[in-house]
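Read-outs: derived from the displayed coordinates by stated rules, not from any lab. In this text, all values refer to a predicted model and were calculated from it rather than measured experimentally. For neighbour counting, all protein chains shown are included, and Cβ atoms are generated from backbone atoms with ideal geometry for every residue, glycine included.
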Amino acid sequence: MGRLVHFEIHVDDMDRAKTFYGEVFGWKFEDWSSYAGMPYYGAVTGNTDEPGINGALMQRRGPSPQPGQAVSGYACTMGVENYDAAEAKILELGGKVALPKYALPGMAWQGYYMDTEGNIFGIHQPDQNAK
C-alpha cells in the first residue's frame with residue numbers, strides 16, 4: 001500500500017509562504033536548500049507522537065496557478081481546533097476563501113482557501129454536532 005509520507009507546496013515567495021503557514025498553523029521550517037539544490041524548506045507540522053505528516057515548501061518552477069482554475073495536483077487539508085479562528089488568521093495573513101465553510105453532518109466543519117501563493121488547501125474541524 002502506498003501511504004502518503006511527504007508533501008510539497010510550490011511557492012513563489014518563500015519568506016511570504018513561511019510566514020503564512022508558520023503563523024496560521026504553527027509550522028516550523030528547516031532549510032534543506034543545499035540538499036535539494038534549490039530553495040527548499042522542510043515543514044515540521046506537529047509533534048511526532050501525533051497523527052500527520054511533514055512536508056516542505058519548494059520554489060515554484062513555472063507559472064503560478066490562476067484564480068478560478070481547476071486544482072492541478074493535490075489539495076491538502078489541515079486539522080484545526082477552532083475553524084472560525086483559523087479562517088480569521090488565514091484571511092488576516094492574505095489568504096482567500098475558495099469554498100466557504102460547510103458541514104459534514106455529524107462529523108466536521110470543512111472549507112477551502114487559497115494561500116498567498118495561489119495554492120488551494122482545506123481546513124477541517126471535527127465536530128459531531130456539525131449540520
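On full extension, the segment bounded by Glu92 and Gln59 gains 9.5 nm, given 0.36 nm per residue less the C-alpha separation. For region 56-66, putting each phi into the Karplus relation 6.51 cos²θ - 1.76 cosθ + 1.60 with θ = phi - 60° gives couplings of 7, 9, 10, 4, 5, 10, x, x, 5, x, 9 Hz, in residue order, rounded to whole numbers and with x for Gly and Pro. Distances between placed amide hydrogens fall under 5 Å for Tyr40 paired with Trp32, Ser33, all partners being 5 or more residues away or on another chain. FRET efficiency for the Glu50 to Asp13 pair, using the beta carbon distance and R₀ = 30 Å, is estimated at 0.55.
Once the Cα atoms of helix 83-92 and of the chain are each reduced to a long axis, what angle between those two axes, in degrees from 0 to 90 to the nearest 10, is obtained? On a 0 to 90 degree scale, this one is about 40. Listed from fewest to most Cβ neighbours within 10 Å, the set Asp49, Asp127 follows the order Asp49, Asp127.
The amide H of Phe7, built 1.01 Å from its N in the peptide plane, has Gly55, Ala56 as neighbours under 5 Å, considering only residues 5 or more places off or on other chains. Summarising the overall dimensions of the chain from its C-alpha atoms, the Rg and Dmax are 15.0, 48 angstrom.
Relative to the longest principal axis of the Cα atoms of the chain, the long axis of helix 14-25 lies at roughly 30 degrees. Our helix-only sum for the chain, with -39,500 (n - 2.57) per DSSP H run of n ≥ 4 divided by its residues, gives a mean residue ellipticity at 222 nm of -5500 deg cm²/dmol. Taking a ≥ b ≥ c as the square roots of the Cα gyration tensor eigenvalues, region 15-83 comes out oblate, since a/c reaches at least 1.5 and a/b does not exceed b/c.
The alpha carbons of region 1-51 occupy a box of 32, 26, 16 Å along the principal axes, longest dimension given first.
Most simply put, the chain has about 70% antiparallel DSSP beta bridges, counting only bridges with both residues inside it. If the segment from Gln66 to Leu104 were pulled out straight at 0.36 nm per residue, it would be longer than the present Cα-Cα gap by 10.9 nm. Taking Cβ atoms as reference points and 15 Å as the exclusive limit, the residues near Ala86 contribute a net charge of -4, counting Lys and Arg as +1 and Asp and Glu as -1.
Between the amide H of Leu99 and those of Tyr112, Tyr113, distances stay under 5 Å, these residues lying 5 or more places away or on another chain, with hydrogens modeled in the peptide plane.
Note on Asp31 and Leu4: their simple-model spin labels are 3.0 nm apart, each label 7 Å out from Cα toward Cβ.
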